[in-house]
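Asker: Once you've had a glance at the structure underneath, I'll fire off some questions.
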Ligand SMILES: Cc1cc2nc3c(=O)[nH]c(=O)nc-3n(C[C@H](O)[C@H](O)[C@H](O)COP(=O)(O)O)c2cc1C
Ligand code: SF4
Ligand code: SF4
Ligand code: FES
Ligand code: FES
């Protein structure tokens, strides 16, 4: 592109940005209420809260605006809102309900009392209320991918543009595509879909594949059953991913790209669709982008719920209307991918890193994280941890810092047991392994993998054999069936694990499991099969005693495996005045003994956990026993 | 031509007028797409959205339009978890079996539904009132265990909440149950 044309592109962007900034500034001249309405916010009740705000604001005739935003990452405190009022710092409130919403309008918007007792954190530095950086989490967190998530309206492109969004694209269009590629290569950005392959090398391979039609695909299949980073990003800041894809398309010379999004994520699909429309209207997508010579169309393809389709070659096949079965490589997708053409496929987060790298520079990016793993890692931190949510920390942070500082440790005062990282391909790491730094290579050494960022914290109530069985059941069901070992080896392993959890484990089972694990690992074409044994191998490595308790004592130390536990009401704790458990039991298994206390008829009990949940905390009389044989001991004592 | 619908014998009998509805809906969807295998998955998704499931005749009609064997369509529909070959209930209950949900009682919630409804996962109650399925993570792990009731995500579903969810459908006027309201008479 010649200098004049480049200047015209820049000028056109400058105008877009100025208009957007003016519009957004006008919005923030008055009070603004931002409501977190990503999927999980909605599940937590964000919509009635939003309606309550709207109703009261309208009743009182206030000029306040109500805006949808995505995930702020503090999912444990949902529903969440941010209230900005000129003259005050923007304040974030959690655990909202309709009453609190009405009260905040009255007290804060009308009477200037921000109700600090309900506020969680202030967004801007100020003299009255702590900001994110005053909390341990804020100290560790550094947001690149999640920078705008939860703060901007994903349904209004101006919010993104006003924060400089699409500026990286505008600047890049003034350079030669090769320059764009060089920047990504120099940044050492590694793909965030699991394997950590350098993005720049992948893009370069597509360039080297020669001229002609090429494709860019964003992998938003997110099949790891316990991870939602990609959903959160697409629902909260879809434009950053779109901009990243456009930069990639420009660098490799593609004119068409696809978002491959799981059908289970309807809201993400809707928000991306809307974002694409708005980008098109602004001239940021489609023909002659920003008046340059660069054309690129992006579309959505909805995945149909097969885990294996997250694998690159299977994904491409499924886009072609075939069964998603992985193919042997080479050829790599960069040579022959979608429709047999060179294709660049990256994860959602990988694309989301690209615009910030251009905006702030390669050196800045490389200053974060470690030498071999620049940048940050995004996790969905879930399970038995106090502060669940979406978190982003520099690579090299330790798991301990992530779980105990950022996530504030296990919930409800329970003892930490393991961190499950990397989903069905990953492993369970014990307390002793928590000091390893988070990066692609260190985690692999410990037997787990970085994966795409699912991190499930497990505590003393979680059975390690059961979780290994759970993942194996998952991979077994999701195996595409092409490789014998993946299909049958996992089935065999699953059968053994099932037997163990049911109390029918035998001496020698663990050795057979280890042998099978090796066979499955070596005999599988794609990583679904090759990594399927990881959950079993890591639990065997770090928690072998739990397996042995199941096999030799028929005991589940975590009191989780149904066949190895019984429910029991402790007479010395049960109260004659209470009978809530009786009504809660679906099978009428609970009866009143002659002395007025309650007891369980084991013949009728289906182990539904209801009585244990409903027994009032004052008594806590319902307990689980393992092995079931303990029951005779207990009942014997009573007699 | 013998239909896969008859041959496989796995499909429920169609209701009166359903055949006609199927034909019309499928034709409508087919018009929107170029007849290429590449569009098979989008076509199937859209047909399922309209009909609630993929009846045998619909798959045959699609196969004929795309000029591919019906078994290929059937194979694809069984490969992907998203497709349903049986008519769903009027209310669809999907219990999340993702890691976070499984570990905090998803299994217990599923068993509670099975017991209360008298069906197993993957089945529909005889009056086509409820169907029960498992799904992998719906992305709300922080609210685990999660159940998707129709399109609504319900978090922290304890066994008592299971009862609450089912009870909310018993009263036709209950909020969030407008589908039950339309045909309140068979909400039993
Ligand atoms: C069974 C299986 C499932 C996968 N699922 C995903 C996924 O859900 N999302 C993803 O980005 N990558 C997934 N991958 C990795 C992809 O094959 C591919 O490496 C990745 O999308 C490339 O993007 P990246 O270079 O940006 O990491 C999966 C791989 C396998 C073997
Ligand atoms: S390893 Fe498993 S999922 Fe992967 S190609 Fe082989 S059979 Fe299919
Ligand atoms: S666990 Fe369930 S079935 Fe058993 S006694 Fe308690 S409430 Fe009844
Ligand atoms: S704050 Fe809702 S998804 Fe995180
Ligand atoms: S595991 Fe159930 S929503 Fe993620």
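The values are calculated or read from the model by the stated rules, or taken from the named source; none is laboratory data. Note that the structure is a prediction, hence the values are computed from the model and not measured. Please note: Cβ atoms are built from the backbone with ideal geometry, for glycine as well, and neighbour counts cover all protein chains shown.
Asker: Within 16 Å of ligand 1 (Cβ to nearest atom), more than 14 Å from every other protein chain (Cβ to nearest Cβ), crowded, with 24+ Cβ neighbours inside 10 Å and more than 26 Å from residue A:40 (Cβ to Cβ): is that true of residue A:218 in this structure?
Answerer: It is false that residue A:218 is within 16 Å of ligand 1 (Cβ to nearest atom), more than 14 Å from every other protein chain (Cβ to nearest Cβ), crowded, with 24+ Cβ neighbours inside 10 Å and more than 26 Å from residue A:40 (Cβ to Cβ).
Asker: Which members of the range B:17-70 meet the condition of being in a helix (DSSP H, G or I) and touching a strand residue (DSSP E or B) at 6+ places or on another chain (Cβ under 9 Å)?
Answerer: B:41, B:42, B:45
Asker: I've got another one for you. Condition first: away from ligand 1 (no atom under 16 Å from the Cβ), surrounded by 16 or more Cβ atoms within 10 Å (Cβ to Cβ), under 27 Å from the mean Cα position of the chain (by Cα) and outside the structural domain of residue A:382 (by TED's automatic domain parsing). Can you find one or more residues in the range A:94-106 that meet it?
Answerer: yes
Asker: So, one more: Given the conditions (1) more than 14 Å from chain B (Cβ to nearest Cβ); (2) within 16 Å of ligand 3 (Cβ to nearest atom); (3) over 24 Å from residue A:418 (Cα atoms), and given that residue A:520 satisfies all but one, which numbered condition is not satisfied?
Answerer: The single condition residue A:520 does not satisfy is (2).
Asker: A follow-up question, please. Of all residues in the range A:336-351, which are assigned to a helix (DSSP H, G or I) and in contact (Cβ under 8 Å) with a residue 12 or more places away in the chain?
Answerer: Of everything in the range A:336-351, those that are assigned to a helix (DSSP H, G or I) and in contact (Cβ under 8 Å) with a residue 12 or more places away in the chain turn out to be A:338, A:339, A:348, A:349, A:350, A:351.
Asker: Taking the range A:471-481 as the region of interest, how many residues are in a loop (DSSP other than H, G, I, E, B) and within 12 Å of ligand 1 (Cβ to nearest atom)?
Answerer: 2
Asker: Right, another one. Within the set of pairs 6 or more residues apart or between chains, which connect a residue that is under 27 Å from residue A:438 (Cβ atoms) inside the range A:196-216 to a residue that is within 11 Å of ligand 1 (Cβ to nearest atom) and part of a helix (DSSP H, G or I) with Cβ atoms less than 6 Å apart?
Answerer: A:196/A:440; A:199/A:350
Asker: Within the range A:315-325, count every residue that is in contact (Cβ under 8 Å) with a residue 12 or more places away in the chain and surrounded by fewer than 24 Cβ atoms within 10 Å (Cβ to Cβ).
Answerer: Summing the residues that are in contact (Cβ under 8 Å) with a residue 12 or more places away in the chain and surrounded by fewer than 24 Cβ atoms within 10 Å (Cβ to Cβ) in the range A:315-325 gives 4.
Asker: Does the range A:311-332 include one or more residues that are at negative phi, within 16 Å of ligand 5 (Cβ to nearest atom) and in the same structural domain as residue A:241 (by TED's automatic domain parsing)?
Answerer: No; the residues of the range A:311-332 include none that is at negative phi, within 16 Å of ligand 5 (Cβ to nearest atom) and in the same structural domain as residue A:241 (by TED's automatic domain parsing).
Residues checked against (1) in contact with a strand residue (DSSP E or B) (Cβ under 7 Å, 6 or more places away or on another chain); (2) assigned by TED's automatic domain parsing to the domain that holds residue A:185; (3) more than 16 Å from ligand 3 (Cβ to nearest atom); (4) at pLDDT 95 or above:
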position: A:303; (1), (2), (3), (4): yes, yes, yes, no
position: A:308; (1), (2), (3), (4): no, yes, yes, no
position: A:343; (1), (2), (3), (4): yes, yes, yes, yes
position: A:347; (1), (2), (3), (4): yes, yes, yes, yes
position: A:354; (1), (2), (3), (4): no, yes, yes, yes
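Asker: Mind counting the residues in the range A:441-464 that are more than 12 Å from every other protein chain (Cβ to nearest Cβ) and within 13 Å of residue A:534 (Cα to Cα)?
Answerer: Residues flagged as more than 12 Å from every other protein chain (Cβ to nearest Cβ) and within 13 Å of residue A:534 (Cα to Cα) within the range A:441-464 amount to 8.
Asker: Determine which single condition residue A:616 fails, assuming it passes every other condition in (1) over 30 Å from residue A:493 (Cβ atoms); (2) within 16 Å of ligand 1 (Cβ to nearest atom).
Answerer: (2)
Asker: Looking at A:532, A:517, which one is within 16 Å of ligand 2 (Cβ to nearest atom), free of Cβ contacts under 8 Å to residues at least 40 places away in the same chain and within 30 Å of residue A:373 (Cβ to Cβ)?
Answerer: A:517
Asker: Considering the range A:469-490 alone, what residues qualify as being more than 10 Å from ligand 2 (Cβ to nearest atom) and within 12 Å of another protein chain (Cβ to nearest Cβ)?
Answerer: Once the filter is applied, which keeps residues that are more than 10 Å from ligand 2 (Cβ to nearest atom) and within 12 Å of another protein chain (Cβ to nearest Cβ), the range A:469-490 yields A:469, A:470, A:471, A:473, A:474, A:477.
Asker: Looking only at helices (runs of 4 or more DSSP H) that fall completely inside the range B:79-173, which ones have 2 or more residues that are surrounded by 17 or more Cβ atoms within 10 Å (Cβ to Cβ), at pLDDT 90 or above and more than 10 Å from chain A (Cβ to nearest Cβ)?
Answerer: B:106-117, B:159-170
Asker: Just to be sure before I move on: is residue A:284 crowded, with 23+ Cβ neighbours inside 10 Å, at pLDDT 95 or above and part of a loop (DSSP other than H, G, I, E, B) in the structure I sent?
Answerer: Spelling it out, residue A:284 is indeed crowded, with 23+ Cβ neighbours inside 10 Å, at pLDDT 95 or above and part of a loop (DSSP other than H, G, I, E, B).
Asker: Still on this structure, I have one more. Quick one: count up the residues across the range A:600-620 that are touching a helix residue (DSSP H, G or I) at 6+ places or on another chain (Cβ under 8 Å) and away from chain B (no Cβ under 14 Å).
Answerer: 2
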